[in-house]
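Note sheet for the following structure.
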Amino acid sequence: MFRLATPTNLYEHDPVERDLVERCLMVNQPATRQAAQRQLFERYKRAMFSTAYRILTDYDHANDALQDAFVEVFRGLNQFAFRSTLGAWIKTIVVRQAIRKQQFEARFLTIDETLHDQPMPFRDSLTGAELDAAIRTLPDGARTVFLLIEVEGYSHKEVAEMLSISEGTSKSQTSYAKKLLRQRLS
């Protein structure tokens, strides 16, 4: 997948986000800080919940991961260096929180067979809702890897680092997920 280049200095490109981050960091003005934190949360909560829910497929677990992620966001906001968009930085934290929650439940499968990463042909009448429902039925580990690779656009190397697995495991989980989707959607 292709990734869009992100500006090295977001201050030049999005002064609204710069102002929002600066207001979130105003330690001496608690009311301003709290209002800015609420605004930041409201701005990103839907997209970030969607990301967490896709990984966890459980409403309550996704909300827990989202809450934990935003606590981490607000604690680490002073370290945000504007090398990416604020949304991309927050999404990375949400993905990691969802993965931690999933790993806590030890839900990755071990796949022994060697699978090949092949394109997935689908019928023309396939709807997004059908695909989403089929993805939710995948085993948790395979679903997580599939979503990170195919939906979020991470590389196998990045996914392997995030999940503390090998690149080979990332590739086999992706292939396994595709194989199951082919079976379920044919």
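The protection proxy used here, the mean number of other Cβ atoms lying within 10 Å of each residue, ranks peptides 55-66, 27-38, 71-82, 88-99 as follows, highest first: 88-99, 55-66, 71-82, 27-38. Remark: accessible surface ordering of Met48, Met162, Met26 (largest first) is Met26, Met162, Met48, probe radius 1.4 Å. Each part gets one Cα centre, and for segment 165-182 versus segment 30-101 those centres are 27 Å apart. For a straight C-alpha distance cut-off of 26 angstrom, the lysines reachable from Lys91 (same-chain residues fewer than eight places away being disregarded) are Lys45, Lys101, Lys157, Lys171, Lys178. Global dimensions of segment 12-54 from alpha-carbon coordinates: Rg and Dmax equal 12.2, 38 Å.
The values are calculated or read from the model by the stated rules, or taken from the named source; none is laboratory data. Note that the structure is predicted; figures quoted are calculated from it, not measured. Neighbour counts run over all protein chains shown; Cβ positions are idealised from the backbone, glycine included. Accessible surface areas use protein heavy atoms only, side chains included; no ligands, DNA or RNA. Shrake-Rupley method; radii C 1.70, N 1.55, O 1.52, S 1.80 Å.
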